[in-house]
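Enquirer: My structure is below; once you've seen it, I'll send some questions.
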There are 2 protein chains.
Amino acid sequence: MTSNDQPGEAAYKVLARELRQAILRRRFADGVRLPTEAELAAEHGVSRQTVRRAFQDLVADGLVHRVPGRGTFAAPREGQYLRQFGSIEDLMGLSLDTSLEVLRPLRRLVNVEAASRLRLDSDTVYTVVFRRLHEGNPFCHTAVHLHPAAGSALADVRTLATPGATSDATIIGLLDDRLPAPIAEAEQSITAAAADAPLAEALGCPPAAPLLRVDRTYLTTDGQPVELAVTHFLPEQYSYRIKLKRGLG
Amino acid sequence: MTSNDQPGEAAYKVLARELRQAILRRRFADGVRLPTEAELAAEHGVSRQTVRRAFQDLVADGLVHRVPGRGTFAAPREGQYLRQFGSIEDLMGLSLDTSLEVLRPLRRLVNVEAASRLRLDSDTVYTVVFRRLHEGNPFCHTAVHLHPAAGSALADVRTLATPGATSDATIIGLLDDRLPAPIAEAEQSITAAAADAPLAEALGCPPAAPLLRVDRTYLTTDGQPVELAVTHFLPEQYSYRIKLKRGLG
DNA sequence: CGTTATTTGTGCGTATGTATT
DNA sequence: AAATACATACGCACAAATAAC
């Protein structure tokens with residue numbers, strides 16, 4: 001800091017907010033270059049590093065995109081919308097106050113669809129079916145299909161092999177300790193579905209009741225899919241909350 | 001750069017990747033402090049600034065959390081999961097190939113629940129109901145409730161005032177150009193619901209069919225809620241896809 | 001086709017502020 | 001009060017990509 005600063009708020013944050021507003025108000029038309037780092041530094045009486053720090057936030061928010069040698073550009077208006085932000089605890093704060101109850105133990109069996117979604121050559125996967133309870137009440141039902149390597153890695157987990165057994169484990173947590181490469185990302189798809197007979201029984205809801213269906217494919221750092229989880233949630237006891245932040249096209 | 005650098009890959013990126021792997025593999029137990037910036041700088045033969053740059057990425061990914069004066073900590077294992085990432089075009093790529101058809105025109109009316117969710121003092125909001133079509137087929141039904149200021153700002157929009165009128169507009173797009181402060185973020189909640197009679201008719205599905213229900217509250221940069229949208233999607237023609245990245249607890 | 005100017009990317013050193021222990 | 005550790009800010013140097021000449 002120079003000398004006469006009142007660091008109540010960081011200079012780069014002030015600049016970032018100012019630029020954010022200007023971009024959201026479309027002061028910079030699509031494809032038009034924003035002022036250069038040097039220009040902004042001069043205008044605002046800060047160093048180029050401070051300008052860069054502000055742009056880092058805007059890039060992280062997806063509001064601008066930068067090209068060396070060319071400049072900085074506002075995210076294209078085309079399809080510009082709101083970007084996912086924040087955490088996913090609401091959905092996955094599962095192992096906290098919940099317990100897992102095995103309905104069908106982990107077993108190796110043929111499942112062409114699951115195998116294909118895991119991008120396997122063979123047709124066999126390892127499958128375990130369970131439900132989760134919160135204070136004794138079931139609120140979701142999950143079928144997990146595993147890559148054979150992942151499935152055999154879990155073969156020795158007692159609680160997954162025993163029908164009716166309960167624990168507070170998560171599959172991803174178990175895999176983490178047993179796979180050579182850690183799980184790094186997932187692809188998720190959310191939709192709605194009617195409860196079929198087994199689902200209705202497991203969840204204690206009327207048949208054909210509307211459920212929230214979440215399909216998730218987990219990938220290791222190598223990009224190898226290792227787990228496919230299909231979960232049905234009771235909507236009364238559950239909703240998926242997200243915060244969205246503006247930016248990106 | 002000093003002199004003997006081979007800038008094939010930035011030093012801070014190498015360090016960031018190394019730390020990322022170590023954290024995902026839980027080399028640092030919950031609540032344990034990571035090495036300080038100075039220690040990492042010395043270990044890796046880089047400057048403290050470079051270490052900071054690496055940590056910036058990890059913070060952005062939600063993998064670590066830092067406290068001035070105390071240190072840097074891996075995201076708590078408890079509930080550690082996958083973090084939202086990527087864009088939301090799949091959900092909101094609406095105005096592209098779709099058209100909006102007004103079912104009930106924009107009008108001012110009393111709605112206690114909507115007013116309270118918009119944090120209004122009064123009980124009256126502006127409401128418009130429409131559905132969206134893709135290639136002539138309806139795929140979602142939306143009721144939009146607006147803050148009075150926002151509602152009156154849209155009072156002159158012909159296509160919202162006319163039942164049966166179609167357009168390719170989005171409410172947020174219309175508001176953007178008419179509100180003093182731009183819309184910056186939204187809070188969203190996703191659940192499942194059964195189709196009631198009006199929904200079934202508007203969407204052409206059987207009554208009690210399962211639908212994906214998305215409630216969204218839009219906020220301006222001031223944090224003022226201006227729009228509440230309740231949308232029901234046909235699951236057959238629609239699913240909400242997200243990519244998740246590891247990190248955060 | 002190379003040269004040059006512009007613009008962003010990376011890296012280091014230093015100084016000072018602030019929060020925690 | 002002192003030591004520790006992260007946060008902010010400035011300055012400088014050079015690299016790399018781009019565009020214009």
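Enquirer: For the subset of region B:65-77 comprising residues that are within 14 Å of chain A (Cβ to nearest Cβ) and not charged (D, E, K, R), which member is nearest to DNA strand D (Cβ to nearest atom)? If you could, list the steps in order and put the result at the bottom.
Expert: Step one: of region B:65-77, the residues within 14 Å of chain A (Cβ to nearest Cβ) are B:65, B:68, B:74-77.
Subsequent filtering for residues that are not charged (D, E, K, R) retains B:65, B:68, B:74-76.
Numbers: B:His65: 9, B:Pro68: 4, B:Ala74: 12, B:Ala75: 14, B:Pro76: 17 Å.
So the residue we want is B:Pro68.
Enquirer: Go through region A:41-57 residue by residue and tally those that are more than 12 Å from chain B (Cβ to nearest Cβ) and within 12 Å of DNA strand C (Cβ to nearest atom). Spell out how you get there, then give the answer.
Expert: Let us first name the residues in region A:41-57 that are more than 12 Å from chain B (Cβ to nearest Cβ), namely A:41-48, A:50-51, A:54-55.
Now narrow it down to the ones that are within 12 Å of DNA strand C (Cβ to nearest atom): A:41-42, A:47-48, A:50-51, A:54-55.
Matching residues across region A:41-57 total 8.
Enquirer: Now a separate question. Report, by residue number, each residue of region B:83-114 that is among the basic types (Lys, Arg) and modelled with pLDDT under 95. First the steps, then the outcome.
Expert: As a first pass, look at region B:83-114 and keep what is among the basic types (Lys, Arg): B:83, B:104, B:107-108.
Within region B:83-114, B:Arg83 is the sole residue that qualifies.
Enquirer: Name the residue that is modelled with the lowest pLDDT, counting only residues in region A:225-249 that are surrounded by 21 or more Cβ atoms within 10 Å (Cβ to Cβ) and aliphatic (A, V, I, L, M).
Expert: Top of the filtered list is A:Leu248.
Enquirer: Quick one: count up the residues across region A:93-144 that are under 22 Å from the mean Cα position of the chain (by Cα) and either part of a loop (DSSP other than H, G, I, E, B) or on the phi > 0 side of the Ramachandran plot (or both).
Expert: Number satisfying all stated conditions: 3.
Enquirer: For the structure I just gave you, tell me whether A:Ala161 is out of contact with any helix residue (DSSP H, G or I) (no Cβ under 7 Å at 6 or more places or on another chain) and closer than 19 Å to A:Glu101 by Cβ. Lay out the reasoning, then the answer.
Expert: Numbers: out of contact with any helix residue (DSSP H, G or I) (no Cβ under 7 Å at 6 or more places or on another chain): yes; closer than 19 Å to A:Glu101 by Cβ: yes.
Spelling it out, A:Ala161 is indeed out of contact with any helix residue (DSSP H, G or I) (no Cβ under 7 Å at 6 or more places or on another chain) and closer than 19 Å to A:Glu101 by Cβ.
Enquirer: Anything in region B:135-153 that is in contact with a Phe, Trp or Tyr (Cβ under 9 Å, 6 or more places away or on another chain) and in contact (Cβ under 8 Å) with a residue 60 or more places away in the chain? List them, or say none.
Expert: Taking region B:135-153 and keeping what is in contact with a Phe, Trp or Tyr (Cβ under 9 Å, 6 or more places away or on another chain), we get B:139-148, B:150-152.
Passing the criteria: B:Phe139, B:Cys140, B:His141, B:Thr142, B:Ala143, B:Val144, B:His145, B:Leu146, B:His147, B:Ala150.
Enquirer: Turning to a different aspect of this structure: For residues in region B:191-249 being farther than 30 Å from B:Phe55 by Cβ and among the hydroxyl-bearing types (Ser, Thr, Tyr), which is farthest from the other protein chains (Cβ to nearest Cβ)?
Expert: If we take residues in region B:191-249 being farther than 30 Å from B:Phe55 by Cβ and among the hydroxyl-bearing types (Ser, Thr, Tyr), then B:Thr231 is farthest from the other protein chains (Cβ to nearest Cβ).
Enquirer: Looking only at region B:21-46, how many residues end up being within 11 Å of DNA strand D (Cβ to nearest atom) and surrounded by 14 or more Cβ atoms within 10 Å (Cβ to Cβ)?
Expert: Final tally of qualifying residues: 5.
Enquirer: Let me ask something else. Do any residues in region B:9-22 that are touching a residue at least 24 places away in the same chain (Cβ under 8 Å) and within 13 Å of another protein chain (Cβ to nearest Cβ) have Cβ atoms under 7 Å from those of residues that are basic (Lys, Arg) and within 7 Å of DNA strand C (Cβ to nearest atom), where the two are at least six apart or on different chains, and which pairs are they?
Expert: B:Tyr12/B:Arg53
The values are calculated or read from the model by the stated rules, or taken from the named source; none is laboratory data. Remember, predicted model here, so these are calculated numbers, not experimental data. Here the Cβ is made from the backbone with ideal geometry for all residues, glycine too, and neighbour counts use every protein chain on show.
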